[in-house]
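The values are calculated or read from the model by the stated rules, or taken from the named source; none is laboratory data. Computed from a prediction, not measured in an experiment: that's the story for all the values here. Note that each Cβ is placed from the backbone with ideal geometry, even for glycine, and that neighbours are counted across all protein chains shown.
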Amino acid sequence: MVVVMKENATQAMVDAVSDHLLNVGFKVHSVVGVNRIILGAIGDKRGIDLREFEIMDGVHEVIRITEPYKLAGRTFHPEDTIVEVKGATFGGEYVPVIAGPCSVENEEQMFTIARQVKEAGAKVLRGGAFKPRTSPYAFQGLGVEGLKLLHAAGKEFNLPTVSEVMDVSQIEVMVEYVDILQIGARNMQNFFLLKELGRIKKPVLLKRGMAATIEELLMAAEYILDGGNYDLILCERGIRTFVTYTRNTLDLSAIPVTKKFSHLPIIADPSHGTGLRDKVAPMARAAVAAGADGVAVEVHHDPDKALSDGAQSLYPKQFARLMEELRMIAWAIGKKI
């Protein structure tokens, strides 16, 4: 349930309500709204009489949350969440672009691409160090050495970095070198990993699973929020359907639907969503028009020789052109790239 405090409620009143919620077995999360403090009480306490909280000093109203996702929904957090990462703002009026190679391959490759995407206007540098691949014989990434190269390139060009974490054992080293920890589609329901990422103090980028519903995505987000990490960004990266012309079906309708039910920012990944270079730019443009809070695309200076996903990686000139197009679309809907 949600306890909405009055505008003039004192901190002592808020503490009293919070303590009472804890005493009856709830886990309490608080959010400061524009004019009020809202307390989210999490727990299966259907026998609780809401009136015992409604009569407490400073309480404006008590609302029972009917959605299975309590913290990710707008009942608890009516206003949009804005996640800021070293100058990149996800949510609100900004639409930052994440760009970089699928995999970190070597120092020359990483620095070359970082410079090019920075010059074009990217706000975050991406690069995979640990790679979950369908085939065990495919390139699995450079591991910690890849993280170090990504970190060095981000520092050199003043770009925050994002890379995928695959296992709980990788979190400690990832936190040291990366600014945003990404959960890939295959790990969206790795609940033990989600719980651990809820305890860290760095932003998390959560990708929708290939066969996951929007509700399942929000329930996965709930695990991270319940741990106390509210710097969470969702990502629509395509789902598996009967279509064979593209790698996945990029479900852009998920963007306005998710924004209706959740306060969390959501971005789109047209590179994985389509798997084809010539489809990336059109879907990136459509994503911004649909209200995405950001776009993530793969860029490689020599995609024909890329060690992974070269077919869906843009050439730097294509990326620069896309950035110009996205600026015009963002302006048309009152946002900024």
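The figures follow:
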{"item": "Single residue of Thr274, Thr246 found to be touching a Ser or Thr at 6+ places or on another chain (Cβ under 9 Å), assigned by TED's automatic domain parsing to the domain that holds Lys123, polar (S, T, N, Q) and buried (at least 19 other Cβ atoms within 10 Å of the Cβ)", "result": "Thr274"}
{"item": "Unique match (being in the same structural domain as Gly127 (by TED's automatic domain parsing), out of contact with any Asp or Glu (no Cβ under 9 Å at 6 or more places or on another chain) and not in a strand (DSSP E or B)) among Ala292, Ala281, Ala286", "result": "Ala286"}
{"item": "Qualifying residue in segment 55-65 (condition: within 27 Å of the chain's Cα centre (by Cα) and of a type outside the set (D, E, K, R))", "result": "yes"}
{"item": "Of the criteria (1) in contact (Cβ under 8 Å) with a residue 40 or more places away in the chain; (2) farther than 23 Å from Phe90 by Cβ; (3) of a type in the set (A, V, I, L, M); (4) not in a loop (DSSP other than H, G, I, E, B), which one Val297 fails", "result": "(2)"}
{"item": "Output for segment 111-132, where each listed residue is buried (at least 24 other Cβ atoms within 10 Å of the Cβ) and not basic (Lys, Arg)", "result": "Ile113, Ala114, Val117, Ala122, Val124, Leu125, Gly127, Gly128, Ala129"}
{"item": "Count - residues of segment 155-166 that are touching a helix residue (DSSP H, G or I) at 6+ places or on another chain (Cβ under 7 Å) and not in a strand (DSSP E or B)", "result": "6"}
{"item": "Test: residue in segment 75-87 that is closer than 30 Å to Ser308 by Cα and outside any strand (DSSP E or B)", "result": "yes"}
{"item": "Test: residue in segment 53-64 that is surrounded by fewer than 22 Cβ atoms within 10 Å (Cβ to Cβ) and closer than 30 Å to Gly334 by Cα", "result": "no"}
